[in-house]
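Structure, as structure tokens:
No value in this document is a laboratory result; all are computed from the given coordinates. This structure is a prediction, so every number in the text was calculated from the model and none was measured. Cβ atoms come from the backbone with ideal geometry, glycine included; neighbour counts cover every protein chain shown.
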Amino acid sequence: MCGRFVSHSSLSLIEKTFNVDAVVGEARPNYNVAPTQEVLVIVRNHQTRLDKFHWGLVPFWAKDLSIGARLINARAETVAQKPSFRNAFKNRRCLIIADGFYEWKGQKGHKQPWYLTLPSREPFAFAGLWERWRDGEHHEYFSCAIITVAASESVREIHDRMPVILHPDAHDAWLNTENQNIGQLNTMLRKDHIRELIGYPVSKRVNDVRTNDVKCIEPLNIDPT
């Protein structure tokens, strides 16, 4: 799964990298993104828009927001069938902007956090889903989830799952709301994602969600074995 990630790139770099038409809000560095927090997403309707949604998907039929903390990831193998995700998978897909993510390696009680990112260190996009939920007074809450797959060789020794990092060439097709072909979408999740990542151990400071600074992603000088 993916339970924490990092998003620190500047708004100008994100706009340039992802060619967005409109921006809602501002981008502030977050070196320890946790579930239920706001994250940067790209969605498309009449235009490609950079917005902020809460991480942890709340289906439109949910009674309250509490379910969101449990629905932070959707497995690629079952996303088209799960009641919590299938409607969003078909109709409401997004890109979730990140610079890297954390995974924990080792035995329970002695797990070591690792930071994983692209070799280029450039910002990238997770394949995501989004939903709009309304309460009894019609207040709206926008949320999202990250799709995961079996880990590639570059990640497997750290964790058995990894988020889907879409190839830039696949961004347009993923955001295309007119594409509701489940077979094509599943093929994208299998084939159109980046598998080669670099990783290194970081301080256990990241275990505390209140810790949020650039030191979270500094390499830790320990023997990774």
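Before moving on, here are some points about what is shown:
- Stretching the chain fully between residue 11 and residue 37 yields a gain of 7.6 nm (0.36 nm per residue, less the alpha carbon separation).
- Only helical runs count toward this figure. For the chain, summing -39,500 (n - 2.57) over DSSP H runs of n ≥ 4 and dividing by all residues gives -3500 deg cm²/dmol at 222 nm.
- Computed from the Cβ-Cβ distance with R0 of 22 Å, the FRET efficiency linking residue 24 to residue 139 stands at 0.80.
- Entry note, segment 178-225: relative contact order of 33 percent, from Cα contacts under 8 Å with a spacing of 6+ residues.
- Working from the Cα coordinates of the chain, the gyration tensor eigenvalues give, after taking √(5λ), semi-axes of 27, 19, 18 Å in decreasing order.
- For residue 71, the residues whose amide H sits under 5 Å from its own are 57, ignoring neighbours fewer than 5 places away on the same chain, with H placed 1.01 Å from N.
- Ordering 181, 57, 94 by the projection of their Cα atoms onto the charge dipole of segment 4-217, which places +1 on the Cβ of Lys and Arg and -1 on the Cβ of Asp and Glu, puts 57 at the extreme positive end.
- By average C-beta atoms within 10 angstrom, highest first, the peptides 197-207, 170-180, 49-59: 49-59, 197-207, 170-180
- Distant-in-sequence amide H partners of residue 148 (H built 1.01 Å from N, under 5 Å): 74, 75, 76, 164
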